[in-house]
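The values are calculated or read from the model by the stated rules, or taken from the named source; none is laboratory data. Values in this document were obtained by computation on a predicted structure and should not be read as measured data. All Cβ positions, even for glycine, are placed from backbone atoms using ideal geometry, and neighbour counts span all protein chains on display. Note: accessible area is taken over every heavy atom of the protein model, side chains too, but ligands, DNA and RNA are not part of it. Shrake-Rupley method; radii C 1.70, N 1.55, O 1.52, S 1.80 Å.
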Amino acid sequence: MPLEFDATDSDLVLFLEEAAAQLRVLSDGLLVLERESDAQLIQALFRAAHTLKGSSATIGHTRMASLTHAMESVLDNVRTGALTPTSSVIDSLLAAVDALNVLNGEVETRTESGIEIDATIAQLHEIAGRKEPAARRKHTTAQAGERVYEVEVVVDPRSDWPAVRAYQALMELTALGTVVDSSPSEQELQSGEGGQTLLVTITTTRAAESLQTAAAAIAEVVSVAVRPLAAAPAAKREEKREPPAEPDESADERRRIDLGPELRGASAEEQLAVAGARMARLSRMVKVDIGQLDEMLNLVGELVIDRGRLMQVMRELDQRHGGDASLEHLVDVAQHLARVSDEMQARVMDFRLLPVESVFNRFPRMIRDLARKSGKAIRYEMTGGDTGIDRSVIDELGDPLLHLIRNAIDHGIELPAERVEAGKPEEAEIVLSAQHVESQIMVEVTDDGRGIDPAKLRAAAVKKGLLSQEAANRLDDDEAINLIFMPGFSSAAQVTDVSGRGVGMDIVRTNIEKVNGTVSVRTELGIGTTFTIRLPLTLAIIRALLVRVGEAVFTVPLISVQETLRIRSDTIHTVQGREVVTVRERTLPLVRLADLFSRRGRSAERDDGEWSYVVSVRTGRADLGLVVDGLVGEQEVVIKSIDTTFGDSEGIAGATILGDGSVSMIVDVPQVVDGLAAKVQSELARAGQARMPAAHAQGGSS
Amino acid sequence: MSEQQVREAEEQIVVFELSGESYGVHIGSVQEIIRPPAITAVPRAPEYVQGVINLRGRVIPVVNLHIRFGLRGEAGEATRASRIVVLEIEGHTIGAAVDAVSEVLRIPRSIIEPPGATLDGEQTRHLRGIARLGERLVILLELGHLIHPTEIAAEMAA
């Protein structure tokens, strides 16, 4: 159902900005509050709830206002010490934050979500012990410089929502001072009772005109009467004669932008200054659709390609006509153009960067909930949250991280008793970190749990029939640990609702490799486990190695390249019908790209020179050597998709355009490796001998 | 007949040569005609996909119409006259390699005959019809068949 709010679109934009900030304060703060009670923090939480209440009421989002009001009541009791923030209290408050997020979403989409909040509100009121903060405030006496007014607000009798309007007026007034009493009360108004006439007693430092203006600005309010009741006893006489002058604009400004309660005590000038600065900041920002940025990146990508072509032509010309004066001039211009396009590429990439925090922030809450559910004590830490990462990569990072964290909680971290027995602190730790490493982003998930036991993995692999006992025994510990990335492999003794069925790790790996990333694991028994994800900074441009195969140039993403080797062709051996080469005592299975990519399986003509070039590639599954005819060089390439109308090309991840304008195919390394692994496995299965795929043909040099 | 009616009764076709035969496609589906750049083979692609080319920063497939449509004759060697006709078909941009592009013709619809009348079965499947222009025969291609894989499947099964 479409929703309408009592505010202009730009007001709603401001509201959303403000609300997002307050919701962050609430959700982050509550998690901290559960660990340590801190007066300042509680004050901040209370303020956030209060501000949200005020601003949501202003735009006429009464459900949001009711909910924040209930939260405010609970937090107020926490603030006064009447209530201890136990985990169950935090649970309820977090549930309310969840609901608030949904309600906030309604403002964004202008559609009603249909969320049911009555139970949440009832629960909060129950927690607040049915104490009404207002009841206590009645005893508050006016402070120095404050005056007491009675404000009478009359709502148009034809209004459809007199209670809502009265409530809005009440909220406006609440923001300007301390409401001592109101009739009908806030609660009555929220439940829709009465409201045609609102009578409010308020103590404030503001002038009567401010109150008048604020209340009168609410839609459908027909009259507002402000009557001074009594000055505060401590108030000086001079002040009586000369109430603090306050320009009405400040009240108007408040309505448009909630300045936040921290400024409520500030002078009108200060408030105006802050509001002005905020408006100025907003007006200097431009919202750009992400699609336009993508388009921009594509265009810059073409510029980068042209730059490459230009430089190549320049080199050729230089060789032919070196020393020519106008050519040198051209070289200067071309080089400048190259620098500018480099810079432009860097800037456009920067526009698309978001702090990795935007992914990391999903997890504190999840970790807390899972920890509570599984009876484990877990501390969460995050470092490098401000590391910038391309939007497109962010989208690919969330799910794998989610899975790794779930796994860590479910399988890695021990129960508190177990940890104490092992001499570890009762509270476990999960650390999420991000940093830039060369032209990649490295994200790690570290836990200080029990680690992964290679012996258990070997046994599990044999039990599941994935490996023969003999093959399992042959795996060294690292290889055994990498078994967790095999499809269908899970060492969990039972399926739990935390990490689900054992489909996780191979999917994590597949998804990350799809975007030219890698995932690896380090673990130490009894100490903990670290999963490391490396991703390119962007999905559109990658560093790559260009290799020659016959006439064609193929592109191999550098992220999967371990090293390039020049080997004597006669050191290539055949083991069980497969070519292998021994490099530093390890056997590397080989694939000739020419054979792999020949049309219809025809074996390509072999260029059997004295030397062969091998590109050693690694995926989560195995290592493999790609035999090529030559190495061309390393460069940045822009990934282009290929129209799949005529079918997918197996082993090809896309195309790119080289400096000479020709198209080069990008080798899909994970797919090639997996394809080979599957082939080897089925061949070996036919030979009646199930064993580890590809990587570890020991004794190949015989 | 008013001028309007004349225009409605006519259509413009791009005529190109392929091993001595003239073929025509509706001008609306021709995006441009270019000299063949370097064509990069796509590993494991179907036989009729000659490869891909760089069309101003876009990578588009180039189709061998001989193989795709099972046309008569053999694909000629690349010559100076060789061109790639860049076609826009249902949102896909596809290049078709041809021996030469001869002309753009305005022909009356009335002279388009159904294919069966002149050609035998195997070749008529992808044809819209035949335009008879005096001595010349221009074979009009049904381009939708170029991209629909179901067509190929049916063909293979047949």
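Overview of results
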{"read-out": "Unique match (being buried (at least 19 other Cβ atoms within 10 Å of the Cβ) and modelled with pLDDT of 75 or more) among A:Ala122, A:Ala128", "value": "A:Ala128"}
{"read-out": "Residue under evaluation A:Leu354, criteria (1) touching a helix residue (DSSP H, G or I) at 6+ places or on another chain (Cβ under 6 Å); (2) free of Cβ contacts under 8 Å to residues at least 24 places away in the same chain; (3) not in a helix (DSSP H, G or I); (4) not small (Gly, Ala, Ser), criterion not met", "value": "(2)"}
{"read-out": "Some residue of segment A:83-99 being at pLDDT 80 or above and touching a Gly at 6+ places or on another chain (Cβ under 9 Å)", "value": "yes"}
{"read-out": "Residue in segment A:458-473 that is under 30 Å from A:Arg391 (Cα atoms) and among the hydroxyl-bearing types (Ser, Thr, Tyr) present", "value": "no"}
{"read-out": "Of all residues making up segment A:638-653, the number that are over 27 Å from the mean Cα position of the chain (by Cα), β-branched (Val, Ile, Thr) and either closer than 26 Å to A:Glu438 by Cα or within 8 Å of another protein chain (Cβ to nearest Cβ) (or both)", "value": "3"}
{"read-out": "Residues of segment A:554-584 satisfying the condition of being open to solvent by 40 Å² or more (accessible area, probe 1.4 Å) and part of a strand (DSSP E or B)", "value": "A:Gln562, A:Glu563, A:Thr564, A:Arg566, A:Arg568, A:His573, A:Thr574, A:Arg578, A:Glu579, A:Thr582"}
{"read-out": "Residue count, segment A:336-346 (criterion: farther than 19 Å from A:Ile542 by Cβ and not acidic (Asp, Glu))", "value": "5"}
{"read-out": "Selection from segment B:89-113 of residues that are in a strand (DSSP E or B), open to solvent by 20 Å² or more (accessible area, probe 1.4 Å) and closer than 30 Å to A:Gly647 by Cβ", "value": "B:His92, B:Ala97, B:Ala100, B:Val101"}
{"read-out": "Residues located in segment A:309-334, provided they are in contact (Cβ under 8 Å) with a residue 24 or more places away in the chain and open to solvent by 80 Å² or more (accessible area, probe 1.4 Å)", "value": "A:Arg309"}
{"read-out": "Residue within segment B:13-34 that is part of a loop (DSSP other than H, G, I, E, B) and either closer than 30 Å to A:Arg548 by Cα or within 8 Å of chain A (Cβ to nearest Cβ) (or both) present", "value": "no"}
{"read-out": "Any hit, segment A:106-114, residues being assigned to a helix (DSSP H, G or I), without any contact (Cβ under 8 Å) to a residue 24 or more places away in the chain and open to solvent by less than 60 Å² (accessible area, probe 1.4 Å)", "value": "no"}
{"read-out": "Selection from segment B:40-71 of residues that are under 20 Å from B:Leu18 (Cα atoms), among the basic types (Lys, Arg) and within 7 Å of another protein chain (Cβ to nearest Cβ)", "value": "none"}
{"read-out": "Cβ pairs under 6 Å, 6+ apart, first in segment A:570-593 and within 11 Å of A:Leu624 (Cβ to Cβ), second of a type in the set (S, T, N, Q) and buried (at least 17 other Cβ atoms within 10 Å of the Cβ)", "value": "A:Val580/A:Thr587"}
